[in-house]
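Here the structure comes first, spelled out in structure tokens, and everything after it is commentary.
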Amino acid sequence: MVPKIGFTCSYTPVPLIEAAGFSPYRIFPDTDSADQAGHLLHDNLCPHVKKVLDRCLDNDLDDISGMIFINSCDTMRRLSDAWHDTRPSDRITLIELPSSTSNSSIDYLAEEYERMARNLFEWNGQAFSLDCIHENIELWNQLAVLVSEIEARMSKAFYPGLAASFQKVINAAAAQSIETALNMAKEILSVEQTPQKGKAKVMVFGNLLFDPKVFDLLEDWNIHVAVNDFCTGSRFITGIDTGLNDNFFKALASSYLHNTPCARTMDTSTPGNIAANIVEKAKSADVKGVIGFTLKFCDPYLARVPMIREALANESIPFLMLEGDCTMGAMGQQQTRIEAFSEILGV
């Protein structure tokens, strides 16, 4: 069995994990474990981090050979600290993630990604190999192309079940292998479907919405998900432009930092670009409305909601903002609001 490397953030380059001979294992906050994280972390923290820590405390994890943490926010840094206390024998690498997209930030992240890669090869007792890294980046880029094709199909018309199938591909890349996800994407694209009408065409965005069953629920509630812009959605499959630089790590850093950013990353020359990006994607897909999903206590996203709301209002695009805690139960509580929103949008 291929040993696994756990991780929790979409800025973790899966090609580096597989190049070192490991399998990726994204630890989703999907668990029935008892709420124990409060013993180590404050209760009013991101439920993503708390539920991942609950899984750790309850040993609700596959066997892993190490953990990669990204210092994307203070709460994620606290998760790394708590992990050290809870599983002191685990091999852990903490990657510092710049908050801007400047050239110096790219150089810094490139060095962090190279450190991560060298640690992974060392953990697996393998000689460091740029050829292996290149091969896996190329495989990842093939997947990125197919994912973009599925996204294009989603944005043009409503195909029942396609949004859930799309999410399954993303999850396979995160928790199984690039090749598994690639085969799933090819299978989806090989099937001819007849588009249907009668759903409200919507863009959904936010930090985490990873359960395929959620997208089936949205369809039941009269929503056609035309754009899935989440850290656990399309943003996770970041194509790597190796033509940018002959240094693979710099290419990785540049591609990740210039991809659609999460709320904690910004171009300092245009600090409101997260709102502009959402408006651009919504208009490009010609959606009737936008639904945002964010986790409770996620300060980076909640701080940017006003500018997003204003930008969408300026374009007369209806907007619904929802908060949750990573559970299907929380989604069920939003049903009435989502169905009412779909009625406002019409068909």
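A few notes on this one:
- Residue 313, sole failed condition from (1) modelled with pLDDT under 95; (2) closer than 19 Å to residue 227 by Cβ; (3) exposed (fewer than 15 other Cβ atoms within 10 Å of the Cβ): (1)
- Test: residue in region 280-297 that is part of a loop (DSSP other than H, G, I, E, B) and closer than 20 Å to residue 73 by Cα: yes
- Number of positions in region 216-253 that are in a loop (DSSP other than H, G, I, E, B) and polar (S, T, N, Q): 5
- Residue within region 35-47 that is out of contact with any helix residue (DSSP H, G or I) (no Cβ under 9 Å at 6 or more places or on another chain) and more than 20 Å from residue 263 (Cβ to Cβ) present: no
Listed here are the residues, each with its yes/no results for (1) surrounded by 20 or more Cβ atoms within 10 Å (Cβ to Cβ); (2) closer than 25 Å to residue 27 by Cβ.
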site: 132; (1), (2): no, yes
site: 135; (1), (2): no, no
site: 149; (1), (2): no, no
site: 173; (1), (2): yes, yes
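- On the stretch given as region 81-130, residues that are in a loop (DSSP other than H, G, I, E, B) and out of contact with any Phe, Trp or Tyr (no Cβ under 8 Å at 6 or more places or on another chain) total 8.
- Region 15-48, residues that are modelled with pLDDT of 90 or more and either among the acidic types (Asp, Glu) or more than 30 Å from residue 141 (Cβ to Cβ) (or both): 18
- Conditions (1) part of a loop (DSSP other than H, G, I, E, B); (2) within 23 Å of the chain's Cα centre (by Cα); (3) touching a residue at least 40 places away in the same chain (Cβ under 8 Å): number failed by residue 33: (3)
- Selection of region 190-220 for residues being of a type in the set (Lys, Arg) and within 20 Å of residue 147 (Cα to Cα) yields 201, 213.
The values are calculated or read from the model by the stated rules, or taken from the named source; none is laboratory data. Being a predicted model, the structure only gives us computed values, none of them experimental. Every residue, glycine among them, receives a Cβ derived from its backbone with ideal geometry; neighbour counts consider all protein chains shown.
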